[in-house]
Amino acid sequence: MSSAPSKPLFLTEPKTVAIVGCPFSGGQPRPGVDRGPIHLVDAGLCDQLKELGWEVKFDDHHQFEDISAASDPPLGKLKNPRLVSKVTEAVAKTVGAHARDGQLPLTLGGDHSLAMGTIAGTLSAHPDACVIWVDAHADINTPETTGSGNIHGMPLSFICSLVDSSSLGGTINGEPTPFAWLDKVHLEPGRLAYIGLRDVDAGEKEILRKHKIPAFSMHEVDRYGIGQIVEMALDRINPGRDKPVHLSFDVDALDPTVAPSTGTPVRGGLTFREGHYICERLWETGLLVAVDIMEVNPSLEDEASVEQTVAVGCSLVRAALGETLL
Ligand SMILES: NC(=[NH2+])NCCC[C@H](N)C(=O)O
Ligand SMILES: [Mn+2]
Ligand SMILES: [Mn+2]
């Protein structure tokens, strides 16, 4: 039995999706992920969403070219800190403005550092929002625990205030510390839940334990099945099923056989259906207020793999925006 199509509780009518294309790759080293959003839109995503009954707002992809950080030496271990900070601040403003207008911002990445911006934007409109983070990785390294220095492995430590931005240097040559704009942004770690984890760094495991962050790895998905896992995640962060939900979906949560064209693939991931089920169920709650689809990299693997990954990205979005199987 399938339940009646749900009415989105926090969006205004007519339901409007605002596509925020973010051609950005500065949170990690592999070129090409900046072309993810262009491929997703070129695959016909806007028309697909109109077909589902949405008003679609898409002006153009974000123009990050005018955001330059000509000189952006590492800050401690952090790579491209100024650039990532400026780009994510701009994304936070765009996403926040759409969300405050009662629209559903759909952010297309780009690398997952962008989620600093998307979640900050969501929280500016929906301060009591919670986050479902679907990923092979926990992306909660701090500037201290990171091994790679790639900021796409760290957005949640900034959002959950596990980083003291003054620890990043106060002022540098009179220039304010990057990420100072995030100082007032705060997601309680108990309002974040993970699904799909299988490649979590030792320092991250410690953070998850210390802050009792609900985390459902592939082991738990195998044990309980995806249907129960989504309810278990919601029970932890949204027991009354009454708070807005932000879904941040890294396509590397899916098994590499399902979504091959991504920068940090890890075997043993979610099946096609498990990934889609998460999106369908969250739509069904009526609580979804924002969606991110991240880390599609069309310059990795062969042409067929790229096409497959882009198509999966589009169908995850449709599932999260109300496409039903019957
Ligand atoms: N968004 C991603 N794909 N993140 C991968 C992060 C990998 C690793 N944990 C790191 O911090 O570098
Ligand atoms: Mn990942
Ligand atoms: Mn990620």
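Would you pick out the residues in segment 120-158 that are assigned to a helix (DSSP H, G or I), away from ligand 2 (no atom under 15 Å from the Cβ) and aliphatic (A, V, I, L, M)?
Of everything in segment 120-158, those that are assigned to a helix (DSSP H, G or I), away from ligand 2 (no atom under 15 Å from the Cβ) and aliphatic (A, V, I, L, M) turn out to be 120, 123, 125.
Out of (1) within 25 Å of residue 252 (Cα to Cα); (2) modelled with pLDDT under 95; (3) not in a loop (DSSP other than H, G, I, E, B), the odd one out for residue 108 is which?
Unmet for residue 108, out of (1) within 25 Å of residue 252 (Cα to Cα); (2) modelled with pLDDT under 95; (3) not in a loop (DSSP other than H, G, I, E, B): (2).
Determine which member of the set 310, 245, 296 is more than 16 Å from ligand 3 (Cβ to nearest atom), within 14 Å of the chain's Cα centre (by Cα) and at negative phi.
245
Would you mind telling me which numbered condition in (1) surrounded by fewer than 24 Cβ atoms within 10 Å (Cβ to Cβ); (2) within 14 Å of ligand 3 (Cβ to nearest atom); (3) part of a helix (DSSP H, G or I) residue 92 fails?
(2)
Condition first: more than 15 Å from ligand 1 (Cβ to nearest atom), part of a helix (DSSP H, G or I) and not aromatic (Phe, Trp, Tyr). Can you find one or more residues in segment 264-273 that meet it?
yes
Filter segment 288-326 for residues that are part of a helix (DSSP H, G or I) and either closer than 24 Å to residue 113 by Cβ or hydroxyl-bearing (Ser, Thr, Tyr) (or both) and give the result.
305, 306, 309, 310, 312, 313, 314, 315, 316, 317, 320
Identify all residues within segment 112-134 that are over 10 Å from the mean Cα position of the chain (by Cα) and either of a type in the set (A, V, I, L, M, F, W, C) or within 13 Å of ligand 3 (Cβ to nearest atom) (or both); write none if there are none.
Scanning segment 112-134 gives 120, 123, 125, 129, 130.
The values are calculated or read from the model by the stated rules, or taken from the named source; none is laboratory data. Keep in mind that what you see is a predicted model, and the values were worked out from it rather than measured. Reconstructed Cβ throughout: ideal geometry from the backbone, glycine too, with neighbour counts over all protein chains shown.
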